[in-house]
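Novice: Take this structure, written in structure tokens, and hold onto it; I'll ask about it next.
The values are calculated or read from the model by the stated rules, or taken from the named source; none is laboratory data. What you are looking at is a predicted structure, and each value in this text was computed from that prediction instead of being measured. Cβ atoms come from the backbone with ideal geometry, glycine included; neighbour counts cover every protein chain shown. Heads up: the accessible areas ignore ligands, DNA and RNA and are worked out on the full protein's heavy atoms, side chains in. Shrake-Rupley method; radii C 1.70, N 1.55, O 1.52, S 1.80 Å.
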Amino acid sequence: MTFTGLVRSLAGSEIESMTLEHYPELAERQIGQILDEATTRFALLDAVVIHRFGELFPDEPIMQVMTLALHRREAFDGAEFLMDYLKTDAPFWKLEKTAGESSWVAAKESDDQAKRRWKLD
Amino acid sequence: MRILYFAWLRERLNKGEEEVNLPEQVRTVSDLLSWLASTDEAADLAFGDRRIIRAAVDERLVGHDASISGARTVALFPPMTGG
């Protein structure tokens, strides 16, 4: 199962660019840990997370999650688990530029709720 | 000890990193936030609602009650918005 997150370019959302700031050392450790967790939890044969940083433009990919499992359920759940985790616990911050103005994207409570269902911490 | 700042916290403080010598009684992340806010008014303003500030000690995500004694690096940052 592969999921790719793109920079939104919906009609009416004049996002000019999205800049991803990140904390490299923590990002590598966090993503490594969550890949191990997902692999054991969902019996994945393999799993990969790619997360870009720097300035990105509409329709460009931001990140990609890939999971490989014997059965569809584990592959889908594993990918969703990784996605939920990336949203809240991977050290990246999005700065959105629209109409010449830059603003930091606020973390969403719904992302925290999504992660809690996996009863991680 | 080295302190790293990211995203809007880095912008508000106008620095991404600083070296500090902490007094003995500053032992946890929340002690550190209070100490920084007390020694630097800009930090007090920058933190705003300190409860939302996340932290990592020597590249491990931790809570506010985590110890920082002996740490080489403490990172302070807003809630993460990756993915």
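Novice: May I ask you to give the percent of accessible area on chain A that is carbon plus sulfur, with a probe radius of 1.4 Å? Write down the numbers at each step before the final one.
Specialist: On the way: 3570 of 6580 Å².
Exposed carbon and sulfur together represent 54 percent of the surface.
Novice: For the residue pair A:LYS119 and A:VAL48, what label-to-label distance in nm results when each label sits 7 Å from Cα along the Cα-to-beta-carbon direction?
Specialist: A separation of 3.3 nm, rounded to one decimal place.
Novice: Please compute one quarter of the surface area of the Cα convex hull for chain A and express it in square nanometres.
Specialist: 7.8
Novice: Using protein chains only (no ligands, no nucleic acids) and a 1.4 Å probe, work out which residues of region A:4-36 have their accessible area cut by at least 50 Å² relative to the chain alone.
Specialist: So the qualifying set is A:GLU21, A:TYR23, A:LEU26, A:ARG29.
Novice: How much accessible area per residue does chain A have, in Å², with a 1.4 Å probe? Please list the in-between numbers first.
Specialist: Numbers: 6580 Å² over 121 residues.
On a per-residue basis, chain A sits at 54 Å².
Novice: Leaving out ligands, DNA and RNA, what percent of the accessible area of region B:2-73 is carbon and sulfur, probe 1.4 Å?
Specialist: Details: 1750 of 4010 Å².
The value for region B:2-73 is 44 percent carbon and sulfur by accessible area.
Novice: If you place +1 on the Cβ of every Lys and Arg, -1 on the Cβ of every Asp and Glu, and leave all else neutral, what size is the dipole of the protein assembly as shown about its Cα centre, to the nearest 20 Debye? Don't skip to the answer; put the middle values down first.
Specialist: On the way: 24 positive and 35 negative charges, 105 e Å.
That gives a dipole near 500 debye.
Novice: Local charge sum around B:ALA37 (other residues, Cβ-Cβ under 12 Å, Lys/Arg +1, Asp/Glu -1)?
Specialist: On the way: positive: B:ARG50; negative: B:ASP31, B:ASP40, B:GLU41, B:ASP44, B:ASP49.
Charge balance in the 12 Å sphere: -4.
Novice: Using only the heavy atoms of the protein chains and a 1.4 Å probe, how would A:TRP118, B:TRP35, A:TRP93 rank by accessible area, largest first? Intermediate results must be reported in sequence, preceding the final value.
Specialist: Details: A:TRP118 30, B:TRP35 60, A:TRP93 5 Å².
The ordering from most to least exposed comes out as B:TRP35, A:TRP118, A:TRP93.
Novice: Can you show me the helix-derived [θ] at 222 nm for chain B, built from DSSP H runs with n ≥ 4 at -39,500 (n - 2.57) apiece and divided by the number of residues, rounded to the nearest 500.
Specialist: Numbers: 3 runs with 25 residues, N = 83.
After summing the helix terms and dividing by the residues of chain B, the value is -8000 deg cm²/dmol.
Novice: Sticking with this one: Can you put A:MET83, A:MET1, B:MET80 in order of accessible area, largest first, using a 1.4 Å probe? Let's see the in-between values first.
Specialist: Details: A:MET83 25, A:MET1 75, B:MET80 5 Å².
From most exposed to least exposed: A:MET1, A:MET83, B:MET80.
Novice: Mind computing the radius of gyration and Dmax over the alpha-carbon atoms of the protein assembly as shown? Å is fine for both.
Specialist: Computed over the Cα atoms of the protein assembly as shown, radius of gyration and Dmax are 18.2, 56 Å.
Novice: How many nm separate the modelled label positions at B:GLU24 and B:THR73, each set 7 Å beyond the Cα in the direction of the Cβ?
Specialist: Between B:GLU24 and B:THR73, the label points sit 3.0 nm apart.
Novice: Ok, one more. Suppose R0 equals 25 Å; then what is the FRET efficiency for A:SER102 and A:LEU6 from their Cβ-Cβ distance, rounded to the nearest 0.05?
Specialist: Details: r = 20 Å, r/R0 = 0.78.
The computed FRET efficiency comes out at 0.80.
Novice: Another one. For Cα pairs less than 8 Å apart in space and 6+ apart in sequence, what is the mean separation divided by the residue count of chain B, i.e. the relative contact order in percent?
Specialist: Values: 126 pairs, mean separation 31.6, N = 83.
About 38 percent, as a whole number.
Novice: For A:GLU109 paired with B:ALA42, estimate the spin-label separation in nm (one decimal), with each label point 7 Å from Cα along the Cα-to-Cβ line.
Specialist: 3.3
Novice: Compute for chains A and B the buried accessible surface, both sides summed, probe 1.4 Å, and express it in Å² to the nearest 100. List each step's numbers first, then the result.
Specialist: Working: alone 7510 and 5110 Å², together 10700 Å².
That pair hides around 1900 Å² of surface in total.
Novice: Accessible area per residue for chain B in Å², computed with a 1.4 Å probe and the full protein assembly in place, what is it? Provide the component values of the computation, followed by the final result.
Specialist: Details: 4120 Å² over 83 residues.
Heavy-atom accessible area per residue stands at 50 Å².
Novice: Using the charge dipole of the protein assembly as shown (Lys, Arg: +1 at Cβ; Asp, Glu: -1 at Cβ; taken about the Cα centre), state which of B:SER34, A:GLN113, B:HIS64 has its Cα farthest towards the positive end.
Specialist: A:GLN113
Novice: On to the next question. Mind listing, in residue-number order, the residues in region B:55-76 that have at least 40 Å² less accessible area with every protein chain present than in their own chain alone (1.4 Å probe)?
Specialist: For region B:55-76, once contacts with the other chains are taken into account, B:GLU59, B:ARG60, B:LEU61 lose 40 Å² or more.
Novice: Hey, what angle do you get for helix A:24-41 against the long axis of chain A, alpha-carbon based, 0 to 90 degrees rounded to 10?
Specialist: That helix lies at roughly 40 degrees to the long axis.
Novice: In region B:2-73, what % of DSSP beta bridges are antiparallel (nearest 5)?
Specialist: Values: 7 of 8 bridges.
Around 90 percent antiparallel, to the nearest 5.
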